[in-house]
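Notes to accompany the following structure.
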Amino acid sequence: MATAEAIEESTKSKPKPTKRMTGAEALVQILLQENVDMAFGYPGGAIMPVYDALYDHQDSIHHVLARHEQGAIHMAQGYARANGKVGVCLATSGPGATNLITGIADAQIDSTPLVCITGQVPSALLGSDAFQECDVLGISMPVTKWNFQITKAEEIPQALAKAFYLARSGRPGPVVIDITKDAQFGEFDFAYEPCTSLRSYVPKPKLDHAKVKEAAELINNAERPYVLFGQGVILANAEKEFKQFIEKTGIPAAWTIMGLSALETDHPLNVGMLGMHGNYGPNLLTNECDVLIAVGMRFDDRVTGNLDKYAKQAKVVHLEIDPAEIDKNVPADIPVLGDAKESLTELNKLVKPNSHEEWLQRFRDCDQQEWEKVIEEELHPKSDVLSMGEVIRIINDVTGGDHILVTDVGQHQMVACRYSKFTKSKSNITSGGLGTMGFGLPAGIGAALGAPERTVIAVVGDGGLQMTIQELATIYQTKAKVKVLLLNNEFLGMVRQWQQLFFEKRYSSTELINPDFQQVAKGFYIPTAKVTERKNLEKAIEEFINYDGSYFLEVMVGKENNVFPMVTSGSGVAEIRLE
Amino acid sequence: MYSRWLQVARESQKSDWSDLMESEKQEFTITAYTENHVGLLHRITIIFTKRKINIESLTTSESEVEGIHRFTIAVTETEQQVIKVVKQIEKQVEVLKSDYYKKKEVVQQELALYKISTESLTSGLDVERIVREHNARFLTIEKHFVVIEKSGFRRETKALFDELKPYGISEFVRSGRIAVSRERDGIGKDVEKILAEAAV
Ligand SMILES: Cc1ncc(C[n+]2csc(CCOP(=O)(O)OP(=O)(O)O)c2C)c(N)n1
Ligand SMILES: [Mg+2]
């Protein structure tokens, strides 16, 4: 029985003075009370009452009209990840809702807090295959933290309260609220009480002090301890505690792509990137440490490579908020369940000051090898062909690492994440778990709108850009100051690289015959430039970044450049290839 | 929060805890104590579908805790996989508690109904004898058909099926497995504790 009563049973709420209004108006009131100042969406028949109610509140809630619902939800994701608030997304029933699904799945796997509100056909028509009817609850269930269908206006306050609470608390995630049109029109006595707990839901497991103590002992006695950190550090706002932890213990720390920017790039203990295209030392030395301390990361297969050859020699300490992640991929000797901030705070009291200079030197030695074999040529190519890496290097020089980097998916993503410099947290926004092409441009718009004081650079490939290119129109309409950097290799580069390495250079459907992106950008009224030669690169990038407003910069890069190092599928992390 | 599954992993050392658990597939009963909300059934079955695990039977009913529902799910899987599934079930917002049991850790039953023609009952004494021998009973005797009821293990309801078959079974149905744990307190006690804490 999914009624208002049933929800009431499981939430704690006190009665408040009420005011009579429609469901749609109530919904907007709730958005205001939940401090929503921006929503991303696309209107249509089944959500029209909500849009009508938004019309009266344009001063307090800025609705960003995307050009496709997928664009809208990636914007909401970019917004949420840049400023830490819940991203709000609106769509109509049927095709509007199904267009959101990719972004919902992306937010689910990358733990991004979203509340997606979809219109639904009137409740009397449910199940009749009505115009634009679609089982949104059924379709979104596998990719949401929670979802709920509202069929009566009275259900709106409690369902929405629960939605915001669940989206942002614990391990964050996307929530879908499907509202029938009659519930939007229906009048009722409105009162709102935010949700603060649910009896069936444990947002943060209680910290087990005995485990923290065990972990501290293991860490204190370790000879070659090694820290891996993920987005959990960022989501828990634990950057400070994390830095204290590694600085006190002197332990080298490597990041997953989702953890990137939680620790500044230049920190002496930041040894680099994990995973398939990560750095040499961080992968190789995973199999040489004696204690592996994972903080807010989930041992994704792109990070671990072949699990049978992963860190078998190490004792594993796993600091994690989600019990289901413990022992999922890599068994933990000492699981420390809890919010990373709390766990690290406790751990910091018990760990002894230490340094591991010799061990750290191993990472530096690996860096040297990687520099000679890979990085030097990538950042300072001897060939005339422009590399993605040199573009990123110049961006670092111009911004000083102060910018937010948003990336799409492919070679440019790996290169941008490998070589970008960061000085602030929440500065890397990418589709990590799902690897969603088309994410970059709209997420960049969302980030620019969510963190207007920051310089936001969306690095995209020529393939991925064309998956959501229509959102260039949203830039023009919103004046979002996102910088769009197209690294054009006229290929679906990442797939081509695999074809080269593993499919005998049979470039099946990966070459792109592209439109004139300059004309395209101009058509969307966005200032634009194109670089084909090195001598023009630096100046173009300076202009690109210093321009007050959105700007589209296209750089023609090597068509058949590859991203290295690489842990090929099936190999262990220690079998990482430098060439 | 800490269920048995966490302890299994905890108590054993990393290198051997996976060996410690039998990696062979075996019969498990998974239980979950939940809120009674629309769609939760789907949410729970998705967890199995996503991992291509066949649900052999699934029963939902009330539990001993007021207002709390209970899922009883029968699967044949490896223990490691079952642990992961149980954690995913417990992770669902509307699930209060989930756990799993091996065959010897539960008292379990299934219920079967067999419909045969009244004629085959009256044509001799065999059917009556069979029903008696199997500790089954007649649920109803109508003009044209009788319904026999038998509860027990799968092999017992199957044995009765095989013996009745020659007399013509016009309809047969067997319920999902229901089971209670052999522990003194089931996880219902934990659930009551959660509810008590939530109430303050
Ligand atoms: C929606 C989607 N479809 C397909 C893929 C598979 N895929 C991963 S990377 C890639 C190539 C991306 O090409 P491009 O955007 O040009 O970036 P590049 O690798 O060339 O930098 C493809 C097709 C994907 N990740 N997402
Ligand atoms: Mg490309």
Considering the zone a paramagnetic label at B:Arg184 would reach in this model (a point 7 Å from Cα along the Cα-to-Cβ line), which residues of region B:29-65 have amide N under 17 Å from it? none
Quick one: Cα convex hull volume of chain A, Å³ per residue? 151 Å³
Over region A:209-363 - Rg/Rh using Cα atoms and the Kirkwood inverse-distance radius: 0.91
Using a Cα-Cα cut-off of under 23 Å, which lysines could be cross-linked to A:Lys352, ignoring same-chain neighbours fewer than 8 residues away? A:Lys211, A:Lys213, A:Lys240, A:Lys243, A:Lys248, A:Lys315, A:Lys341
Gap separating the Cα centres of region A:165-182 and region B:121-142, nearest whole Å: 56 Å
Cβ-based exposure ranking for A:His277, A:His74, B:His69, A:His380, in which fewest neighbours within 10 Å come first: A:His380, B:His69, A:His277, A:His74
Inter-chain shielding of B:24-37 (mean C-beta neighbours from other protein chains, 10 Å cut-off): 2
Phi angles of region B:42-52, converted by Karplus (6.51 cos²θ - 1.76 cosθ + 1.60, θ = phi - 60°) into ³J(HN,Hα) in whole Hz with x for Gly and Pro, give 5, 4, 6, 5, 4, 4, 6, 4, 4, 9, 6
Work out the mean other chain Cβ neighbour count within 10 Å for the residues of B:87-100 and drop it here as an integer. 4
Relative contact order (percent) for region A:13-190, with alpha-carbon contacts under 8 angstrom and 6 or more residues of separation? 28 percent
Evaluate E = 1/(1 + (r/R0)^6) for A:Glu217 and B:Glu119, where r is the Cβ-Cβ distance and R0 equals 56 Å; express this FRET efficiency to the nearest 0.05. 0.10
Express in whole angstrom the spacing between the alpha-carbon centres of region A:202-280 and region A:504-577. 32 Å
Please give the average number of partner chain Cβ atoms lying within 10 Å of the Cβ of each residue in A:193-203, rounded to a whole number. 4
Label model pair B:Glu163, A:Leu578: point-to-point distance (7 angstrom along the Cα→beta-carbon line) in nm is 7.7 nm
Using 1/(1 + (r/R0)^6) with R0 = 30 angstrom and r between the beta carbons of A:Lys535 and A:Gln368, what's the FRET efficiency to the nearest 0.05? 0.50
Could you list A:His412, B:His42, A:His403 in order of exposure, starting from the residue whose Cβ has the fewest other Cβ atoms within 10 Å? B:His42, A:His403, A:His412
What FRET efficiency, computed as 1/(1 + (r/R0)^6) with R0 = 30 Å and r the Cβ-Cβ distance, is obtained for A:Ser355 and B:Glu197, rounded to the nearest 0.05? 0.10
Give me the distance in nm between label points sitting 7 Å out from Cα along the Cα-to-Cβ direction at A:Glu193 and A:Asp266, one decimal. 5.2 nm
From fewest to most C-beta neighbours within 10 Å, the residues A:Met556, A:Met566 line up as A:Met556, A:Met566
Under a point spin-label approximation (7 Å from Cα along Cα-to-Cβ), what is the B:Ser170-B:Phe138 distance to one decimal in nm? 1.6 nm
In what sequence, highest mean first, do A:116-122, B:176-182, A:20-26 appear when ranked by Cβ atoms within 10 angstrom? A:116-122, A:20-26, B:176-182
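We did not get these values from a lab; they are worked out from the coordinates using the rules stated. Remember, it's a predicted structure, so these values are computed and weren't measured experimentally. Quick reminder, even Gly has a Cβ in these numbers, built from the backbone with ideal geometry, and neighbours come from all protein chains shown.
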